[in-house]
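Okay, so here's the structure we're looking at.
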Amino acid sequence: MNELPNRLLRLRCIFLVMAIFLIMLPTLPIRADFNHIFIPDLLLIMTFTWVMQRPDVIGPITITIVFLFADFILQRPPGLWAVIVLLAATFLGMRSANFKEVFFIYEWTTVSVIIVFCYLTQYILMRLTFLAIYDLKLLTTTALTTIFFYPVFTWVFRPMLKKQGLHIKKKLATEVSE
């Protein structure tokens with residue numbers, strides 16, 4: 001199925017704009033009196049959702065640039081989270097075609113295991129390199145909320161990320177003309 005190049009470029013631009021928004025959102029000087037523990041990693045969910053739905057839209061270079069930018073802006077160890085997410089997204093992208101014909105619960109379980117693996121890998125590598133580590137309870141709750149929000153993001157992005165080939169456009173054009 002051939003996709004229009006304009007649509008792919010538009011989807012890539014939408015991903016980049018949304019990623020920049022999600023990166024800059026925590027840096028806003030807004031004082032809110034709620035507990036920040038239960039906030040999922042929205043950028044990670046969005047990336048995994050897009051990779052599982054359309055692995056051809058965002059490539060490894062885009063993922064690396066976005067997460068390196070996030071590392072610098074959010075003052076995390078530069079490159080550590082970017083490499084972990086890049087490897088996980090590549091793994092999920094290679095297996096995304098396998099989940100098109102199965103129940104969503106299998107996809108959700110696979111992504112959940114990968115999310116836990118990402119946070120666990122980050123925790124272990126930060127401990128081994130003597131970096132200031134995050135609280136394990138905070139990482140656990142962030143991973144769990146990220147896992148629980150994955151179906152919501154999949155439901156939101158699925159209509160936008162459907163493949164629309166040239167033959168579908170031609171078919172619609174002939175139906176309208178008749």
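Within the range 52-87, the set of residues being among the aliphatic types (A, V, I, L, M), over 21 Å from V113 (Cβ atoms) and either surrounded by fewer than 17 Cβ atoms within 10 Å (Cβ to Cβ) or touching a Pro at 6+ places or on another chain (Cβ under 8 Å) (or both) comprises I61, I65, L68, I73, L74.
Quick check on V102: is it hydrophobic (A, V, I, L, M, F, W, C), under 28 Å from K162 (Cβ atoms), more than 16 Å from the chain's Cα centre (by Cα) and not in a helix (DSSP H, G or I)? Taking the combined requirement at face value, the residue satisfies it.
Considering only residues in the range 51-99 that are under 23 Å from R10 (Cα atoms) and among the charged types (D, E, K, R), the one that is farthest from the chain's Cα centre (by Cα) turns out to be D56.
Does W108 satisfy the condition of being farther than 24 Å from W155 by Cα, surrounded by 13 or more Cβ atoms within 10 Å (Cβ to Cβ) and not hydroxyl-bearing (S, T, Y)? Taking the combined requirement at face value, the residue does not satisfy it.
Readers should treat all values here as calculations from the given coordinates under stated rules, not as data from a laboratory. Being a predicted model, the structure only gives us computed values, none of them experimental. Heads up, the Cβs are rebuilt from the backbone with ideal geometry, glycines too, and the neighbour counts pull from every protein chain shown.
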